[in-house]
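The values are calculated or read from the model by the stated rules, or taken from the named source; none is laboratory data. Being a predicted model, the structure only gives us computed values, none of them experimental. Note: ideal-geometry Cβ built from the backbone for every residue, glycine included; neighbour counts use all protein chains shown. Heads up: the accessible areas ignore ligands, DNA and RNA and are worked out on the full protein's heavy atoms, side chains in. Shrake-Rupley method; radii C 1.70, N 1.55, O 1.52, S 1.80 Å.
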Amino acid sequence: MIIVYGSSLAPSVRKVLAVIAEKGLAAEHRPLAPHDPSPKFKETSPFGHIPGFRDGPFTLSDSSAICHYLERRYPEPALVPSSATDYGRMVWFDQFADRFLGTAECKVVMNRVVKKLRGEPLDPDAVEQALTRDLPPLLDYLETEVNGAFLVGNALSLADLAVACPFASLAIADYVPDAGRWPRLHAYLGRILDRPSLSSIRC
């Protein structure tokens with residue numbers, strides 16, 4: 001039995017759930033926050049980061065490691081390209097989504113969603129910085145990279161799921177890229193986020 005620990009508000013958790021769904025696998029999702037004291041979660045993520053992952057006796061943390069494990073363990077349908085150039089680009093977009101998009105997305109979602117739910121003081125300056133300074137150059141870059149239905153090659157890959165997931169969280173925080181400024185990106189995200197593997201995920 002596959003078990004995924006962590007709130008799907010986190011793009012990293014959503015990405016793993018989407019990969020599992022695209023591969024047609026059954027999984028149990030146990031939403032929880034980072035550093036949850038549950039012993040079962042700690043078995044899968046010794047440093048308390050989400051997602052935590054279990055596949056029978058095997059446990060793993062880190063969303064990219066989990067997705068690459070899933071690709072090797074359950075290779076069909078393939079979500080990792082076979083060519084060296086496409087594989088390299090896929091790894092780049094996965095890292096881009098985590099290191100760049102995720103950093104900006106977190107400032108917005110933490111304040112507009114998480115802190116609000118916890119009743120904690122908000123940081124409007126951090127949100128403003130993310131929306132006006134951090135995100136626009138990243139979206140400008142993606143607008144130049146979207147040249148077809150998918151980011152890499154001619155089929156859905158981990159690159160598409162990784163890039164789309166931060167935007168799913170941003171949408172929950174009432175931010176969607178402006179279709180007038182980023183028309184190709186806006187249309188691309190609509191197609192990817194409408195896939196059942198992503199649209200069916202609930203926080």
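What the table shows:
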| read-out | value |
| --- | --- |
| Total charge dipole magnitude, the chain, about the Cα centre, Cβ charges on Lys, Arg, Asp, Glu only, Debye to nearest 20 | 440 debye |
| Span from the the stretch 30-97 Cα centroid across to the the stretch 177-203 one, whole angstrom | 22 Å |
| Other-chain or far-sequence residues with amide H under 5 Å of Ser61's (modelled H) | none |
| Fluctuation leader among Glu43, Glu28, Glu120 - the chain, Gaussian network, Cα springs under 10 angstrom | Glu120 |
| DSSP-defined antiparallel bridges as percent of all bridges, the chain, nearest 5 | 65 percent |
| Helical mean residue ellipticity (222 nm; -39500 (n - 2.57) per DSSP H run of 4+; nearest 500) of the chain | -14000 deg cm²/dmol |
| Accessible area of the stretch 1-150 belonging to carbon and sulfur atoms, whole % at 1.4 Å probe | 58 percent |
| Probe 1.4 Å, protein heavy atoms only - accessible area per residue of the chain in square angstrom | 49 Å² |
| Dimensions in Å of the stretch 73-168 - Rg and Dmax from alpha carbons | 15.9, 49 |
| Interchain or long-range residues, amide H under 5 Å from Ser7's placed H | Leu32 |
| Percentage, to the nearest whole number, of Cα pairs in the stretch 51-119 over 20 Å apart | 49 percent |
| For the stretch 28-35, Karplus couplings with θ = phi - 60° (6.51, -1.76, 1.60), whole Hz, Gly/Pro x | 9, 9, 10, x, 7, 8, x, 6 |
| Across Lys23/Lys116; Lys23/Lys115; Lys15/Lys40, pairs whose alpha-carbon gap is larger than 23 Å | Lys23/Lys116; Lys23/Lys115 |
| Cα-based convex hull volume of the stretch 1-47 per residue, rounded to whole Å³ | 70 Å³ |
| Rg over Rh, two decimals, the chain (C-alpha only, Kirkwood Rh) | 0.96 |
| Percent breakdown of C-alpha pair distances by 10 Å bin, ordered from the shortest bin, for the stretch 1-116 | 13, 43, 33, 10, 0 |
| Ranking by accessible area, most exposed first, for Met90, Met110, Met1 with a 1.4 Å probe | Met1, Met110, Met90 |
| Principal axis box of the stretch 119-203, alpha-carbon based, largest edge first, Å | 45, 29, 20 |
| Two-decimal ratio, the stretch 115-160, of alpha-carbon radius of gyration to 2.2 N^0.38 Å | 1.73 |
